[in-house]
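Note sheet for the following structure.
Every number in this text was worked out from the coordinates using simple rules, so none of it is lab data. Bear in mind the structure is a predicted one, so any value in this text is a computation, not a measurement. Here the Cβ positions follow ideal geometry from the backbone for every residue, glycine too, while neighbour counts run over all protein chains shown.
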Amino acid sequence: MEFYCCERGFDYNRRHVLELNLLMSEETTERPERESRPSPIDVHVGSRIRLRRTLLGMSQERLGDALGLTFQQVQKYERGVNRVGASRLFDISRVLDVPISFFFEDMPEGMDATPISGPRGRMYGFAEAQEPFSNGVDENLTKRETLELVRAYYRITDPAVRKRMFDLMKSLAPAEAPFEAS
């Protein structure tokens, strides 16, 4: 904006505007531009949302309806394209019946040690290590195959047939190794 009230005022105002523009351009060059690819943490949280949703046999559309979202928005959360805010993550945890910490468990090696980006630069967190929600849970219990098998088992309506199927499956599996105290 230029002012023409008097020659001295014009020079002062013009110089002031130029200095402000220079300062603003320096500030923007100091800030790194947000990368276009999703954060690895957002991708991990999204994958945990997808895991829990599929374990419950819930569609993206059904989860979206429960949250007041479209299934496309749920897809974006699950791929990590859109970041899940704190209140939305709280809502998701209630719908999927897991604690919020569930979404941050089993992070790939080293990801939890990456610095935190914030307005004051990069720093490391001070939180104490916590026991994960799924600590001690067999990895096989979270597989889709296991979920489908359990669902098929409980769709058998005749209790006698279901019991015979249970006995058959136990007989086909190798005997479990005895527990060894360490």
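What to note about this one:
- Sorting Thr157, Thr54 by the number of Cβ atoms found within 10 Å of their own Cβ, with the fewest placed first, yields Thr157, Thr54.
- Fewest-first sequence of Ile41, Ile49, Ile100 by Cβ atoms within 10 Å of each Cβ: Ile100, Ile41, Ile49
- Rounded is the label for the range 40-107, because a/c, from the alpha-carbon gyration tensor with a ≥ b ≥ c as root eigenvalues, stays below 1.5.
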